[in-house]
Structures are given as C-alpha cells and as structure tokens.
1. Would you list, by chain and number, the aspartates and glutamates whose Cα falls below 20 Å from the Cα of K170, excluding same-chain residues fewer than 8 positions away?
2. Using the Cα gyration tensor of region 100-216, with a ≥ b ≥ c the square roots of its eigenvalues, what is the shape: rounded (a/c below 1.5), prolate (a/b larger than b/c) or oblate (neither)?
3. If packing is taken as the average number of other Cβ atoms within 10 Å across a peptide's residues, how do 55-63, 100-108 rank, most packed first?
4. Can you list the lysines whose alpha carbon sits under 22 Å from that of K171, skipping same-chain ones fewer than 8 residues off?
5. Given 0.36 nm per residue, what is the gain on full extension from K46 to Q195 after removing their alpha carbon distance, in nm?
6. Please list the three semi-axes, largest first and in whole Å, of the ellipsoid equivalent to region 42-162, using sqrt of 5 times the eigenvalues of its alpha carbon gyration tensor.
Amino acid sequence: NTISGSALILIALIFVASIFLINKYLSGARIDLTENNLYTISEGAKNILGNIDEPINLYFFYSDKITKDIPYIQNHATRVREMLEEFATYSKGKLVLKVIDPEPFSEAEDRALDFGLKGVPTPTGDDIYFGLVGTNALDDQEIIPFFQPDNASFLEYDLSKLIYTLSNPKKPVIGLISSLPIQGQIDPVSGKRSQSWFIYEQLAGMFDVRLLDPGFKKVDESIDT
C-alpha cells in the first residue's frame with residue numbers, strides 16, 4: 001500500500017519530536033547493567049553532590065600509557081573514571097573533572113608531585129600515577145594518593161568523603177562519649193600511644209570531634225551534635 005504525503009509528513013514529525021525529547025530529557029541518563037550495580041550512585045552520594053555550593057575541581061592523574069599491559073589496573077581505572085564522570089553528571093556542573101596522564105618528565109608529572117601524589121615504581125623503571133586531587137574555592141586540598149584495586153568496594157565512599165570535605169570546609173562539631181579508649185591510650189610500659197580506633201579516625205576525618213567526660217553535666221554550646 002502506498003503512504004500518502006500527509007502521512008509521511010506526520011511520521012517525520014513524530015520522528016523529529018522523538019529525537020528532541022530524547023536529547024532534552026535523556027541525554028544525561030545512564031543504565032547500569034553490571035551484575036552488582038557497580039556504577040549506580042547511592043542516595044547518600046546524590047545528596048552530597050546536590051548540596052555542593054561552590055565549584056570543586058577534580059584532577060584525576062592516571063598513567064594510561066604505562067599501564068596498557070596491566071589489565072587489573074586498567075579495569076579499575078575505567079571504573080574510577082566512569083564513576084567520577086557519573087558524579088560530575090549528578091553535580092550539575094559543580095564538579096569540574098580533568099583527566100591527566102602524567103607522562104615521565106612532563107609538566108603533568110611535576111604537577112602531580114606538587115599536589116603531593118607519588119608514583120608507584122614498576123619493574124621497567126617507570127612510575128604509575130593513579131590518584132585524585134580535589135580543590136575548592138578556598139584552595140583547600142584533599143587527595144586520594146592511589147586507587148587500590150583491592151579497595152574497589154570503597155570507591156564511592158572515598159569519592160563522596162573527599163567531595164563532602166571540600167564542600168564543607170568548616171567541619172561540624174560533634175561531642176563523643178565513650179568509656180573505651182577509642183582515641184588510643186598511653187601504654188604505661190612503653191610510654192607510646194596505641195592506635196586510635198578506625199571508627200574514630202573516620203569521624204575525625206569528617207567532623208571536629210571532641211571527647212566528653214562520661215560524667216559531664218553540660219554540653220558546650222560550640223558542639224553541634
């Protein structure tokens with residue numbers, strides 16, 4: 001059967017409208033088809049990204065050329081980069097991502113060193129850079145020295161923590177009550193302080209933590225929580 005001219009025009013209009021709608025509303029949409037939803041951003045991370053007031057610069061230093069023959073590094077680097085891109089998408093322009101390959105003896109390598117990153121030496125004598133530097137409008141700086149593939153399950157947490165710290169330069173003050181030596185304690189024999197607990201270190205990285213005496217009568221007004 002032949003199709004009338006008006007029908008062809010209608011089909012063409014529907015096609016053009018469909019393309020317009022896809023570009024307008026789905027250009028930033030992504031579908032995660034991995035088995036464990038490796039690239040799905042949690043609601044907590046989305047909240048952090050949605051509350052960024054001032055732009056944050058992220059410098060992802062990765063020795064792409066040097067790691068061509070190291071599959072487990074390459075695979076993890078792909079995951080890191082794609083999650084960073086996903087974070088940038090949800091930040092609505094507040095995260096400015098720059099991917100840099102610090103080749104040996106280059107200005108990019110000098111910049112990585114100036115930021116405090118260190119390359120991991122390889123048997124060939126080359127150094128692998130695989131870290132992240134974040135800076136905010138106040139010139140505060142946070143770094144992830146090296147993305148360890150063994151810590152892949154903590155990737156979203158590490159990125160979220162770095163971004164949260166930069167977007168909240170003034171740390172909230174929390175009062176902590178415990179009868180346990182979570183801050184570490186002095187060994188009476190050696191005179192050395194024992195390692196503080198992991199949970200305390202994590203809290204101290206994001207908050208101004210002040211230990212309260214278990215017998216306190218009043219909470220200081222400077223303590224938020």
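FYI, it's all coordinate maths here, none of it is from the lab. All values derive from a computational prediction rather than experimental measurement. Don't worry about glycine lacking a Cβ; one is built from the backbone with ideal geometry, like all the others, and counts go over all protein chains shown.
1. Qualifying aspartates and glutamates at Cα under 20 Å: D53, E54, D139, D140, E142, D158, E201, D208, D220, E221, D224.
2. Since a/c reaches 1.5 and a/b is larger than b/c, the shape of region 100-216 is classed as prolate.
3. Working: 55-63: 21.2, 100-108: 15.0.
By packing density, highest mean first, the sequence is 55-63, 100-108.
4. K46, K94, K161, K218
5. This chain segment gains 50.3 nm when fully extended.
6. Numbers: eigenvalues 126, 56, 24 Å².
The three semi-axes for region 42-162 are 25, 17, 11 Å.
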